[in-house]
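Every number in this text was worked out from the coordinates using simple rules, so none of it is lab data. Since the model is a prediction, treat every value here as computed from it, not as a measurement. Every residue, glycine as well, gets a Cβ built from its backbone with ideal geometry; the counts of neighbours run over all protein chains shown.
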Amino acid sequence: MSANAQPVTPVTLDTKAPPALLRADGVSIQFGGLKALTDFHLSIQQGDLLGLIGPNGAGKSTAFNVLTGVYQPSQGQVLVRDTKVNGRKPHQINLLGVARTFQNIRLFRALTALDNVKVACRAQTALHQSRLGLGAKLVNAGHNYADWWKALLLTPSFQREERRLTAQAEHLLEVMGLSHRRDEEARNLPYGEQRRLEIARALGSQPRVLLLDEPAAGMNTREKADLMVLIRKLRDDFKLGVLVIEHDMKLVMGICEQITVLDHGETIARGAPAEVRSDRKVIEAYLGDSYLESHGGAA
Amino acid sequence: MQSPALPVPEAPSLVPPALRGILPLLIAIPTLALFHWSLTGSDFATYLLSVVGVNIILAVSLNIVNGMTGQFSIGHAGFMAVGAYIAGYTSLQLKEVALSFLPVSASDQVLFMLALLVGGVAAALCGFLVGLPSLRLRGDYLAIVTLGFGEIIRVFVQNTDAFGRALGLSGIPQYSSPGMVFFWVFLVVLAARRLAGSSHGRSLWAIREDEVAAEAMGVDTTGYKVRAFVFSSFFAGIAGGLFAHFVPIINPGSFTFVRSMEIVVMVVLGGLGSTTGAVVAAIFLTLLPEGMRSLFGALGTEGSLAQRVDQIRMPIYGLLLVVLMLSRPQGLFGTKELWDVLPRWLPRKRRGLA
């Protein structure tokens, strides 16, 4: 396989296409001397189903954290629909339409399934808080305090809003097949359902891009198969762009249209599943060069 | 948005939505008025009742920060002090003022309410100023900052002539009555319950459960924490204002770190996150020393133990906390409310969940 001599081409920017829902442009991040991510490019359009893979410690979760604002990129920029979001807080990025799930499930354990989703639904109705002037900040703060007063006085508009949130959250639970768990505390749900609830919660914030961090971890074969169908369905029904981090190759190869492979923070390959699977660098990263030597370099 | 606009269901209630907001007030005010007029107890009973009420307000308001939001504030007495001194000072300044269009007692009550609100708002402002920088911190740091704030207020008051230095403020008109105190108790409990049941309350719970996830789901965690803190400080200020209007004198000694810890113990005992738990614990812990006093008095240890109840109170609190942490770390009620816990003993409607 000699096709890998040329470097990985970065995402080409087509000026005629609508702006990417989420784009990373040459993002690098360093923790002290450790380069966790180097010159990372990614572009997600509506309807995309992208995969992000790599061995342990390759920087996949770091990439997620940069995209969602948990970490600040040391270099490069992250754009949501052509708005630069470097330096914004995670909740502000979420309000722009980027929602995620977590590798180790992070539900609000003591809240019911319904309330978990409602928290995310509610946030989306909050005012957009970008970095504006002091005046706008004061206005925002005023609105926020007024909102509390509405809750304390149980104004009719507040009651209507609460009912709307409940209806929306119930709808999402139904979509994810969790209606029967509506009033159960999240911590009492079985593992697979907790994973699904996390996706329902992410959908509650009405995202346009959904980032799934190892959604199939700990699932059995059948659940994984169901999940593959579900992810595709969600992408179509909710008109999302989806990015999946996954260890399970069968799942990634099965559903993703384009896969980016990271190793030691560097993008070593990008392309359709079949290309990536036969890529020498990818095999090397996963199985070591000794494997390649003993198998004559072919996969 | 992507999902089809869902129909908003109608409210399943007999009460028209416009009325639901004030219905509890319409019921409570006449009840409290009755309670007020029928109260013929001794001065001591009146005083004790007021102290119980003030402690309930303090515990319930602290529970919003420590319980619902999961932040650990241990400077609540500081905000109470701000409210007490500002409200007391306002009342002293307005002592000679009377609203001519009202009878004297009504005018006094209006001025009292005004002083309370001034005290509450001042405390809320302090809460905002303390909260804004420190609520970006997590865990122990907030505790340290609030502890420092409480002490700063105490030392500041101790060295300010306008507030009477270590002697304190005296001669504040005694406007307060159990009726007024319990009106505010009612307000704080209602506000805390409504907050807990609203989308804002859910966001606070979410912060308590997992701050990272809450932030990722679009909850402005710092903003919410500051708002909860301001809210809680406001009521602490009100409690302080009420306190200033029924004790003969307020001095810095009433607002020490020990006072803050008493309130924290009430919240922990009641169960972090349980409003009714805070109420029950506040009543219990306020009456406990009185109970001990009468018990020791009845045992004939007059003059020794009975007079030292105030000194042995804290070790008993400590012991209580140790026992509680060992046997029931989530507090009496956990995050549940009285009406969730009661059905275990009372035959009430069954909760039908497998």
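Of all residues in the range B:206-218, those being within 7 Å of chain A (Cβ to nearest Cβ) and surrounded by fewer than 23 Cβ atoms within 10 Å (Cβ to Cβ) number 3. Given the criteria surrounded by fewer than 24 Cβ atoms within 10 Å (Cβ to Cβ) and either within 30 Å of B:VAL212 (Cα to Cα) or touching a Gly at 6+ places or on another chain (Cβ under 9 Å) (or both), does B:LEU111 qualify? When the stated conditions are applied, B:LEU111 does not pass them. Per this entry, B:VAL181 is not counted among residues that are within 14 Å of chain A (Cβ to nearest Cβ), part of a helix (DSSP H, G or I) and either under 20 Å from the mean Cα position of the chain (by Cα) or surrounded by fewer than 22 Cβ atoms within 10 Å (Cβ to Cβ) (or both).
Could you tell me whether any residue of the range A:243-251 is within 14 Å of chain B (Cβ to nearest Cβ), in contact (Cβ under 8 Å) with a residue 40 or more places away in the chain and surrounded by fewer than 19 Cβ atoms within 10 Å (Cβ to Cβ)? Checked the range A:243-251: no residue is within 14 Å of chain B (Cβ to nearest Cβ), in contact (Cβ under 8 Å) with a residue 40 or more places away in the chain and surrounded by fewer than 19 Cβ atoms within 10 Å (Cβ to Cβ). Residues considered: A:ALA24, A:ALA20, A:ALA36. Of these, the only one that is in contact (Cβ under 8 Å) with a residue 24 or more places away in the chain, among the hydrophobic types (A, V, I, L, M, F, W, C) and over 19 Å from A:ARG100 (Cα atoms) is A:ALA36.
Within the range A:85-105, the set of residues being over 14 Å from the mean Cα position of the chain (by Cα) and either facing chain B (nearest Cβ under 7 Å) or in a loop (DSSP other than H, G, I, E, B) (or both) comprises A:VAL85, A:ASN86, A:GLY87, A:ARG88, A:LYS89. Would you point out which residue out of A:LEU210, A:LEU262 is under 21 Å from B:MET217 (Cα atoms) and in a strand (DSSP E or B)? After ruling out the rest, the residue left standing is A:LEU210. Selection of the range B:252-286 for residues being outside any helix (DSSP H, G or I) and either surrounded by fewer than 21 Cβ atoms within 10 Å (Cβ to Cβ) or among the acidic types (Asp, Glu) (or both) yields only B:THR256. Taken over the range A:66-84, residues that are within 14 Å of chain B (Cβ to nearest Cβ), in contact with a strand residue (DSSP E or B) (Cβ under 9 Å, 6 or more places away or on another chain) and assigned to a loop (DSSP other than H, G, I, E, B) amount to 3. Given the criteria more than 14 Å from every other protein chain (Cβ to nearest Cβ), within 13 Å of the chain's Cα centre (by Cα) and not charged (D, E, K, R), does B:GLY237 qualify? Yes: the conditions hold for B:GLY237. The set of residues in the range A:167-205 being within 8 Å of another protein chain (Cβ to nearest Cβ) and of a type in the set (S, T, N, Q) consists of A:GLN168, A:SER205.
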